[in-house]
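The values are calculated or read from the model by the stated rules, or taken from the named source; none is laboratory data. Please read all numbers here as calculations on a predicted model, not as lab measurements. Cβ atoms come from the backbone with ideal geometry, glycine included; neighbour counts cover every protein chain shown.
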Amino acid sequence: MDPARLINPTFWTDPRPLAAGDPEVTAWCEGEPALDGHVLFQTSGSSGAPKWIALKKDALLLSAAVVNRHLGVTGDSCWGLSLPLHHVGGFGVAARSYEAASRMVRLGGKWNPAEFTAWIERHGVTHVSLVPTQVHDLVTGGHRGPACLRAIVVGGGRMEDALGQAARDLGWPVLASYGMTETGSQIATQALEVLDQPYQHAPLPLLDAWNARTDEDDRLHVGGAVLFSGSVVPEGRGLRWVPRVGEWHATGDRATVDGRWITPLGRLDAVVKILGELVDPESVEREVLALSAGRLSYGDIAIAAVPDERAGHRLVPVIAETAAGEATIAVLNAYNATAPGFRRLSEPVVVDALPLSELGKIRRAEVLGALLA
């Protein structure tokens, strides 16, 4: 997809739908009147069957305006595009550039932290969106943040506090955020004012366009004018349009909500029972990462809940070969030494590499599938 198309006013007034990155789905959508004026994005499929999420162009521009105001973007700013345009994170960068009438430059070629740093300096990029694995590469390479850069919105997964602090210490102005395809981008993002404070991944302030609440299961419900219109789902060999119903969307995530502040707690469907106790394997994974004090990063290790006849499930650490070694075993042993029995880890499994999505998210269904094969 050509970024220039997305900063042209004719795109935003064109009623024809667009399925980002898929001409065949676009053609199907053109035959569905309810999808006029929409852009559709395919979900990552990290924990379920892929589907297409439809967002109105007006909603995407409203999201862009809210984010721009929150981050102090003006016509003199420059958005850096380093994420794929067919994902809502990359598309949102183009929408923000158009909304603010600011410059936008695209990072070409494969991801390379040294080239990324030079690109920021060369073009005077002020704002950019990254995923945690990209921040990890900048930190481990010892690259320093250019002075022109005002904000890095980190999305696509939680970034551990140690990594976030290390990035800020190197001059990278990282801001934690939370969002999903159904919301067209972020619904909660740290403010610029916290950049001179120690990095904390949560709680996060809700952006102006959003409301949030939880139910008795801690499931997060979100509502606002940017919320998706519905989904296009596979049906047999074809597709089917399923409109959203109601003002609130029940997400698949757990969270706590305190006024206008939200703390994401992980996926609702990730919770399993072990010896009669509810356990979130991703929360165990985060504990291990924190205990490693920076030696392990997201994408180095995944904790999978494998069915077990006696206990219900058992927790298996799956480690990328590049992160395997005595130091990692020491971290796992240290975790097990203090964890209650139902949260203890089984013997680790080493793999060549963990399966990751294009945006660096662990494909957990594939991890578990490989263990069960």
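Observations on the structure shown:
- Residue in segment 299-310 that is buried (at least 16 other Cβ atoms within 10 Å of the Cβ), touching an Asp or Glu at 6+ places or on another chain (Cβ under 8 Å) and more than 20 Å from R158 (Cα to Cα) present: no
- Checking the stated criteria, D217 turns out not to satisfy the condition of being part of a loop (DSSP other than H, G, I, E, B), under 25 Å from R96 (Cα atoms), touching a residue at least 24 places away in the same chain (Cβ under 8 Å) and among the acidic types (D, E).
- Cβ pairs under 7 Å, 6+ apart, first in segment 123-141 and of a type in the set (K, R), second outside any helix (DSSP H, G or I): none
- Q200 being farther than 11 Å from H70 by Cβ and part of a loop (DSSP other than H, G, I, E, B): yes
- Looking only at residues of segment 156-197 that are assigned to a loop (DSSP other than H, G, I, E, B) and of a type in the set (A, V, I, L, M), we find that the one that is nearest to the chain's Cα centre (by Cα) is M159.
- Within segment 81-135, restricting attention to residues that are among the aliphatic types (A, V, I, L, M) and surrounded by fewer than 17 Cβ atoms within 10 Å (Cβ to Cβ), the residue that is nearest to H201 (Cα to Cα) is A114.
- Matching helices (runs of 4 or more DSSP H) fully within segment 1-118 where at least 3 residues are at positive phi, touching a Lys or Arg at 6+ places or on another chain (Cβ under 9 Å) and outside the structural domain of V131 (by TED's automatic domain parsing): none
A quick yes/no check of all residues on (1) more than 30 Å from Q42 (Cβ to Cβ); (2) crowded, with 16+ Cβ neighbours inside 10 Å; (3) touching an Asp or Glu at 6+ places or on another chain (Cβ under 6 Å):
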residue: A330; (1), (2), (3): yes, no, no
residue: A334; (1), (2), (3): yes, no, no
residue: P340; (1), (2), (3): yes, no, no
residue: D352; (1), (2), (3): no, no, yes
residue: P355; (1), (2), (3): no, yes, yes
residue: G360; (1), (2), (3): no, yes, no
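- Of the residues examined, D215 is one that is surrounded by fewer than 15 Cβ atoms within 10 Å (Cβ to Cβ), over 24 Å from A59 (Cα atoms) and in contact with a His (Cβ under 7 Å, 6 or more places away or on another chain).
- With respect to the conditions (1) at pLDDT below 95; (2) more than 30 Å from R244 (Cβ to Cβ); (3) of a type in the set (G, A, S), G184 lacks only one, and its number is (2).
- Condition met for G155 (closer than 24 Å to S63 by Cα, buried (at least 22 other Cβ atoms within 10 Å of the Cβ) and in the same structural domain as A59 (by TED's automatic domain parsing)): yes
- Scanning segment 318-341 for residues that are touching a strand residue (DSSP E or B) at 6+ places or on another chain (Cβ under 6 Å) and part of a strand (DSSP E or B) yields V318, I319.
- Criterion violated by V25 - all others in (1) more than 17 Å from G89 (Cβ to Cβ); (2) under 19 Å from the mean Cα position of the chain (by Cα); (3) of a type in the set (V, I, T) satisfied: (2)
- Condition met for V153 (part of a strand (DSSP E or B) and in contact (Cβ under 8 Å) with a residue 60 or more places away in the chain): yes
- When residues of segment 119-137 are limited to those that are assigned to a helix (DSSP H, G or I) and modelled with pLDDT of 95 or more, the one farthest from the chain's Cα centre (by Cα): R122
- Residues located in segment 156-174, provided they are in contact (Cβ under 8 Å) with a residue 60 or more places away in the chain and touching a Gly at 6+ places or on another chain (Cβ under 9 Å): G156, G157, R158, E160, A162, L163, A166
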